[in-house]
2 protein chains.
Amino acid sequence: MIEDKNQQRTPLSTLGEFALIDHLTKNFEISHTSTVKGIGDDAAILDFGDKSIVVTTDLLVENVHFDLSYMPLKHLGYKAVVVNLSDVYAMNAEATQITVSIAVSNRFPLEAVEELYAGIETAAKIYGIDVVGGDTTSSTTGLLISVTAIGQVQKDEAVRRDTAKVGDLLVVTGDLGAAYMGLQVLEREKEVYKVNPNSQPDLEAYTYIIERQLKPEARKDIVKLLKDLDVKPTSMIDISDGLSSEILHLCKGSKVGCDLYEDKIPLDPTVITVCEEFNIDSTTVALNGGEDYELLFTVSQADFPKIKANPHLSIIGHLVEESAGVHLVTRANTKIELKAQGWKTFD
Amino acid sequence: MIEDKNQQRTPLSTLGEFALIDHLTKNFEISHTSTVKGIGDDAAILDFGDKSIVVTTDLLVENVHFDLSYMPLKHLGYKAVVVNLSDVYAMNAEATQITVSIAVSNRFPLEAVEELYAGIETAAKIYGIDVVGGDTTSSTTGLLISVTAIGQVQKDEAVRRDTAKVGDLLVVTGDLGAAYMGLQVLEREKEVYKVNPNSQPDLEAYTYIIERQLKPEARKDIVKLLKDLDVKPTSMIDISDGLSSEILHLCKGSKVGCDLYEDKIPLDPTVITVCEEFNIDSTTVALNGGEDYELLFTVSQADFPKIKANPHLSIIGHLVEESAGVHLVTRANTKIELKAQGWKTFD
């Protein structure tokens, strides 16, 4: 039989997810003039004629990205679409089409797959996108969903993550950390359920954070808001892996440093309460929790008057020289170097 | 906990793969004018400005679509790209970009994933496409690859499967059945290997058919050839699931019938020999084997002089009224109704 004679064996866990992608794709060359931006942003940018197309893809794997013991299939379908749309909006583009592929084992009945697609359909309707293709196949074990989203944007209006400038203001939408704390509550309830399947949990106090975990929304409204405010961000990225990780991506790509102010990080009151309940530091949760699907962007200081006091936007820091590094300025006014602690799925 | 209260349970295997997709997506609406063709062809057709974009996606799952005991990872990477490009060429388009997502369990070392990507890179180079994005994540069990391919074509030059006309000639490229017989040989050798791991099989006589299985090529050349011949097919589809299944797709989409002539089906001599060795009917293999990645298309009779005697093209039948049905005309001149027996992955 044909065998792999390669005896080297380096565990995947020695590299993080991002380092792995960098490593595997470092030799890939771009040959088409229509490829404006390939690997390395929220989405690729392709130019075909008078408009730019953005393309992004995400894979959701059972028991890695979701747990069906508390994730209803309809929500899962919805979320699978939303996480991809978030990447399109992070390019300042309008999401227009998606393809959806699923691999599903025979343990799922048709009705379960119908639920999943009902969620996909709902998201498509709410966000105004067309489902234009996909693939459906069996899997030997769990459920896997692969979504590719396509968007369009006027030429030269796509916003990348590698174009921020020293002096720019760092802005984030919405609030952070809620999805992660929602997950903590759901995990706790799962453990309770294992011990006592008849317990009826009262989750009312946690509605907001559970919804942020199970049914997140993508910030389509922000792309419109920025247009209405006549603000073109100098760079943008979506927050899927935690604020810390995304700031580092943005700074690395743009070759800048950053001062992030702890007291400016937007937190919902529920997050603060639940963090106290779980005895977790809320800043740590906002920095490293992930799955918030908010947008992080930079604007030039000249745009400050246009964005200040907008309830959707929080100015959380500013960009400095690359040599100055990336730091969190704490409430006690000490500077701590920011390190990525995002989702390392290969651990 | 949140539970699915739906007590209906219909096994997925009661529907075939195509019926399942049809069922799940039947309510999906198209709202964007840029969506020219959504679900239901080899690829979606999107119009952004002066060119049409085609988009297609495929999912390859370990132990469903490939078996790593005889599929080298480099070949797998290559094949994962090729099967998607085949769908782009089947639209008469030029393939330009792909995204590649993989889910991989920790049992794979980095070197294995590098092999896979080396195959992807080789295919990208040979077919002249850019890898512009993707996602890499862990899986709890096997390996899964999801590729999305993008191509471009002049507006109104995309060729669909639902536009064939009665009287058109049915044409197929290359030869059929080799990939399936290659798989039979590999499966047989796997069984031999289980019994005696030291056996050294002599596979030289099977080189062609094994290569068709492990390292198929997509017919990029045919898109160019048709342009050079100044022939625009009236419809086109790629043969991934077997000739029979694809003819039925084309006829159903175009609302026509078909007479397919058994003695015109192109078979490589190796396929005939190996079919005899395995005691399988070679016509059955060509009709239902699948994974040939040849193109099946129709041309108007006026184009007959342009394509006759071309070594890459075989005229295998002609289209008739829908009411006349879809038939195989055997060597004995009897008519047998064609039925799809393609890859039913949910069995």
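Derivation of every value follows stated rules applied to the coordinates shown; laboratory data play no part. Since the model is a prediction, treat every value here as computed from it, not as a measurement. Glycine also receives a Cβ, built like all others from the backbone with ideal geometry; neighbour counts cover every protein chain displayed.
Brief remarks follow.
- Share of Cα-Cα pairs in region B:169-337 lying beyond 22 Å, as whole percent: 46
- Listed residue pairs exceeding 29 Å between alpha carbons, taken from A:K220/B:K220; B:K215/B:K252; B:K37/B:K220: A:K220/B:K220; B:K215/B:K252
- Between A:Q154 and A:D22, the FRET efficiency from the beta-carbon distance, with R0 = 25 Å, is close to 0.25.
- Both radii come from the Cα set of region A:140-215: Rg as radius of gyration, Rh as Kirkwood radius; their ratio Rg/Rh reads 1.17.
- Rounded to the nearest 20, the size of the Cβ-charge dipole of the protein assembly as shown about its Cα centre is 600 debye, with Lys and Arg at +1 and Asp and Glu at -1.
- Taking the centroid of alpha carbons for each part, region B:168-221 and region A:211-234 are 51 Å apart.
- The protein assembly as shown - Rg and Dmax from Cα coordinates, angstrom: 26.6, 91
- Cβ charges +1 (Lys, Arg) and -1 (Asp, Glu), total dipole of region A:144-301, debye: 740
- ³J(HN,Hα), Karplus 6.51/-1.76/1.60, whole Hz, each residue of region B:58-65, x for Gly, Pro: 9, 10, 10, 10, 4, 6, 10, 9
- Coil-residue trypsin sites (Lys or Arg not before Pro) of region B:13-70, DSSP, other Cβ within 10 Å capped at 12: B:K26
- Close amide H pairs (under 5 Å, H built 1.01 Å from N) link A:F48 with A:I53, residues at least 5 positions away or on another chain.
- Note on B:V329 and A:I126: with the Förster distance fixed at 56 Å, the Cβ-Cβ geometry gives a FRET efficiency of about 0.60.
- Exposure proxy order (Cβ contacts within 10 Å, fewest to most) of A:T35, A:T57: A:T35, A:T57
- When the trypsin sites (Lys or Arg not before Pro) in region A:237-331 are filtered for DSSP coil states and for at most 16 other beta-carbon atoms within 10 Å of their beta-carbon, the remaining sites are A:K255, A:K308, A:R331.
- Shown for A:E322: label points 7 Å from Cα along the beta-carbon vector, and their distances to the equivalent points in the other copies, 6.2 nm in ascending order.
- The charge dipole of region B:12-154, taken about the Cα centre with unit charges on the Cβ atoms of Lys, Arg (+1) and Asp, Glu (-1), comes to about 80 debye, rounded to the nearest 20.
- Sorted shortest first, the distances from the A:K155 label point to those of the same residue in the other copies are 1.5 nm; each point sits 7 Å from Cα along Cα-to-Cβ.
- Sorted by Cβ density within 10 Å, fewest first, the residues A:M71, A:M181: A:M71, A:M181
- Database remark: amide H of A:H318 closer than 5 angstrom to the amide H of A:L170, A:D259 (H placed geometrically; neighbours at sequence offset of 5 or more, or on other chains; Pro and chain starts carry no H).
- Stokes-Einstein, applied to the Kirkwood radius of region B:12-154 over Cα pairs at a viscosity of 1.567 mPa s and 4 °C, places its translational diffusion at 79 µm² s⁻¹.
- Taking other C-beta atoms within 10 angstrom as a stand-in for reagent exposure, A:D50, B:D41 fall in the order A:D50, B:D41, fewest first.
- Label-to-label distances for B:S13 across copies, nearest first, come out at 3.7 nm, using points 7 Å from Cα in the beta-carbon direction.
- Remark: spin-label model distance A:K264-B:E29 equals 4.3 nm, labels positioned 7 Å along the Cα→Cβ axis.
- Mean-position separation - Cα centroids, region B:12-56 and region B:253-282, in angstrom: 30
- Most positive-pole-ward Cα, B:F304, B:Q184, B:L287, against dipole of chain B from beta carbon charges: B:F304
- FRET efficiency, 1/(1 + (r/R0)^6) with R0 56 Å, evaluated for A:D67 and B:N310 via beta carbons: 0.50
- Phi angles of region A:152-167 translate, via the Karplus equation with coefficients 6.51, -1.76, 1.60 and θ = phi - 60°, into HN-Hα couplings of 10, 8, 4, 3, 6, 9, 5, 10, 9, 9, 10, 10, 6, 10, 4, x Hz per residue; Gly and Pro are given as x.
- Summarising the overall dimensions of chain B from its C-alpha atoms, the Rg and Dmax are 20.7, 69 angstrom.
- Cut-off under 5 Å, modelled amide H: who pairs with B:D135 long-range: B:V100, B:S101, B:I102
- Cα convex hull of region B:213-279, projected area averaged across orientations, nm²: 6.4
- Direction-averaged projected area, Cα convex hull, region B:256-310: 5.1 nm², rounded to one decimal.
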